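A.B. asks: Let me begin by handing over the structure; questions about it come next.
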């Protein structure tokens with residue numbers, strides 16, 4: 001989520017203000033509250049004209065796309081303090097709003113909000129996608145933190161065994177070469193247990209989902225919710241707030257903000273030699289078929305943001321260092 005925050009922070013800054021002046025309030029909100037779920041929906045459904053003349057991106061089924069969309073609403077209005085999990089974020093940018101509207105109407109998803117809003121109840125299968133995401137990240141991040149030495153093994157073992165209702169001194173019949181294997185074994189058993197429980201909960205709650213009266217994470221109703229909440233608290237304290245993690249995330253604001261600023265200045269004022277060289281660094285898919293800059297301001301910004309957001313950490317750092325003159329390509 002730090003990458004989302006870094007992109008949002010740039011578009012909230014005064015540096016980005018000249019690029020946003022011709023955008024609608026909703027288009028600005030897309031960028032100033034950048035959402036990875038919406039970026040994922042765009043990757044799946046958006047076709048770049050330079051790549052293909054058929055719209056629809058990967059052309060997945062409507063059911064697959066609706067299942068992917070955990071937050072079936074556009075960015076505005078923001079639902080602050082809502083108890084409904086599907087309203088806490090948004091699931092698609094303004095550029096893909098009409099596509100999601102078509103999907104929702106074709107599948108018969110229940111409408112929320114007023115007639116002007118693109119705002120729907122979730123497809124029931126989206127609850128399973130959310131549960132899979134919650135289970136994996138909650139447990140695997142905790143396991144990684146333990147293996148990195150950020151969480152003491154004994155503390156982790158005690159908590160993981162509690163989820164499985166194992167006695168703290170229970171011995172396994174399996175021979176482990178070291179404690180890392182033991183943690184991995186407990187993680188696998190817990191994921192299996194949580195899959196079973198959430199599947200049973202899904203079947204139990206399906207009528208409420210179809211009626212639009214159920215809107216909470218399935219993982220919030222499992223038998224070991226208290227232990228999972230403790231894992232989340234420990235992960236925040238010992239993993240996500242670990243000094244090297246915070247240093248890397250802080251650097252990300254400079255790198256992502258710097259790249260966005262450099263390339264947006266280039267596509268908004270392509271006349272100078274420096275800016276033309278920078279535009280030559282942008283892959284063709286983010287420009288037009290003849291490598292022309294997109295016509296509208298919103299398209300320019302979205303395509304540059306796609307380019308930057310799609311980079312790996314190492315690629316972003318390397319490009320930032322090169323265009324800022326901190327380092328040069330090998331051979332120079």
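A.B. asks: When you go through 150, 125 one by one, which is the residue that is surrounded by 14 or more Cβ atoms within 10 Å (Cβ to Cβ), touching a helix residue (DSSP H, G or I) at 6+ places or on another chain (Cβ under 9 Å) and modelled with pLDDT of 95 or more?
C.D. replies: None of the other options fit; the residue is 125.
A.B. asks: Only one residue in 158, 171 is over 30 Å from residue 212 (Cα atoms), out of contact with any helix residue (DSSP H, G or I) (no Cβ under 7 Å at 6 or more places or on another chain) and in a helix (DSSP H, G or I). Which one?
C.D. replies: When all the criteria are applied, what remains is 158.
A.B. asks: Another one. For segment 203-225, give me the residue count where each residue is touching a residue at least 24 places away in the same chain (Cβ under 8 Å), in a helix (DSSP H, G or I) and surrounded by fewer than 17 Cβ atoms within 10 Å (Cβ to Cβ).
C.D. replies: 2
A.B. asks: Between a residue in segment 110-126 that is over 21 Å from residue 207 (Cα atoms) and any residue that is in a strand (DSSP E or B), which pairs come within a Cβ distance under 6 Å, given they are 6 or more apart or on different chains?
C.D. replies: Pairs found: 113/119.
A.B. asks: Out of (1) in contact (Cβ under 8 Å) with a residue 60 or more places away in the chain; (2) under 30 Å from residue 6 (Cβ atoms); (3) assigned to a helix (DSSP H, G or I), what's the single condition that is false for residue 247?
C.D. replies: (1)
The values are calculated or read from the model by the stated rules, or taken from the named source; none is laboratory data. Predicted, not measured: the structure shown is a model, and the values here were computed from it. Here the Cβ is made from the backbone with ideal geometry for all residues, glycine too, and neighbour counts use every protein chain on show.
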